[in-house]
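Read the structure below first, then the notes.
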Amino acid sequence: MTEDGALPRVTDDERHMDGALAEARAAAGHGDVPIGAVVVRDGTVISRGRNRREADVGSRRAEVERLLAEFFAERRGPRDVEG
């Protein structure tokens, strides 16, 4: 509470940070390092995500991503695989 007894105002940045923290908690919930992110453009959330390394271990998607990374690394060099 503020000095006059009013509740503090929550900014858009704080609201978006709360979303990123929720994603991080979800990552921790499935055994991953707690990393979460919210991407905002012009005040609108356009994407959100979390670390899924452990959750995707053994999944077909993880296997395909690994194969694609190897494919591009072999043909273009590792500098094109980053990011």
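Among the residues of the range 10-22, is any exposed (fewer than 12 other Cβ atoms within 10 Å of the Cβ), among the β-branched types (Val, Ile, Thr) and more than 12 Å from the chain's Cα centre (by Cα)?
yes
Considering the range 31-56 alone, what residues qualify as being touching a residue at least 24 places away in the same chain (Cβ under 8 Å) and in a loop (DSSP other than H, G, I, E, B)? So that I can check it myself, show each step before the final result.
Here is the first cut: in the range 31-56, the ones touching a residue at least 24 places away in the same chain (Cβ under 8 Å) are 31, 40, 43, 45, 48-52, 54-55.
Scanning the range 31-56 gives Gly31, Gly43, Asn51, Arg52.
Report yes if some residue within the range 10-30 is out of contact with any Leu (no Cβ under 7 Å at 6 or more places or on another chain), closer than 27 Å to Arg53 by Cα, part of a loop (DSSP other than H, G, I, E, B) and not aliphatic (A, V, I, L, M); otherwise report no.
yes
Bear in mind these aren't lab numbers, they're just calculated from the coordinates by the rules spelled out. Quantities reported herein were computed from a predicted structural model and do not represent experimental measurements. Using ideal geometry, Cβ is built from the backbone for each residue, glycine included, and neighbour counts are taken over all protein chains shown.
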